1. Listed residues Ser28, Ser6; which is hydroxyl-bearing (Ser, Thr, Tyr) and at pLDDT below 80?
2. Just to be sure I understand the filter: pairs with C-beta atoms under 8 Å, separated by 6 or more residues or on different chains, first member in segment 157-182 and polar (S, T, N, Q), second member modelled with pLDDT of 70 or more. Which pairs pass?
3. Does at least one position in segment 108-116 carry a residue that is at pLDDT below 90 and over 28 Å from Leu39 (Cβ atoms)?
4. Could you say which residue among Arg89, Arg75 is among the basic types (Lys, Arg) and free of Cβ contacts under 8 Å to residues at least 12 places away in the same chain?
5. What about Asp38, is it surrounded by 15 or more Cβ atoms within 10 Å (Cβ to Cβ), out of contact with any Leu (no Cβ under 9 Å at 6 or more places or on another chain) and not polar (S, T, N, Q)?
6. Kindly list, by first and then second residue, each pair from a residue in segment 42-70 that is modelled with pLDDT of 90 or more to a residue that is acidic (Asp, Glu), limited to pairs with Cβ atoms under 9 Å and residues at least 6 apart or on different chains.
7. Can you tell me which residue is farthest from the chain's Cα centre (by Cα) among those in segment 84-131 that are surrounded by 16 or more Cβ atoms within 10 Å (Cβ to Cβ), assigned to a helix (DSSP H, G or I) and aromatic (Phe, Trp, Tyr)?
Amino acid sequence: MARFLSWMQSVAFALGAPGVFLIAVLDSSFLSFPQVVDLLIVILVTNHRERMILYAGLATIGSIAGCFMLYYVGRAGGEAFLRRKFHERHVDRALAVFQKYGLLAIAVPSILPPPIPFKPFVLIAGVSRVRPWDFFLAVGIGRGVRYFGIGVLALWYGQRAADFLKENAQTVSLVVALLVVAMAAGWFLYRSRRTAT
């Protein structure tokens, strides 16, 4: 399996933009390529700065497509599949977070890098029968923030961004996630006040 994953990474680098899309689909669905999409974006944007929007956009679209595969598995297979596939503790924690925070429980983990588990949240969204449009928006915003943010880092810092991501990925993602949570909280507060008047 390790040889196959390594081969897939090489193919993705060789393909460029379609490779970013392919790896993003696979990574967000049934395989795992930890931080490979991030590094692909950095390397490709460093070599072709004018294509940053293309690379980040295809990574985002590919990730959404892969997430929808898992989402529909969750809708079809339900909670039993989820509990067979993932550790009981992760499932229970993800269910509790999802019930408390709703779509933020999808958007925020979609920004965070490994080892934060994202796939259980995607499956739980399917199990909970979240509306597909809401799911699309949550994943699209989360992954878009992540991949376009990485693209901007690559524009500013070039190859140094890859080293920075390897060393500080969790810190950067945590800061971005906190910003997303703060913006979402502000939005909910604004809407609740507007509805009350």
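1. Every option except Ser6 fails the conditions.
2. Sorted first by the residue in segment 157-182, then by its partner, the pairs are Gln159/Val42; Gln159/Ile43; Gln159/Thr46; Gln170/Leu112; Ser173/Ile111; Ser173/Leu112; Ser173/Arg146.
3. No: zero hits.
4. None of the other options fit; the residue is Arg89.
5. No.
6. Going by the 9 Å Cβ cut-off, the qualifying pairs are Ala59/Asp38; Gly62/Asp27; Ser63/Asp27; Gly66/Asp27.
7. Phe98
The values are calculated or read from the model by the stated rules, or taken from the named source; none is laboratory data. Since we're looking at a predicted model, the values are computed, not measured. Neighbour counts run over all protein chains shown; Cβ positions are idealised from the backbone, glycine included.
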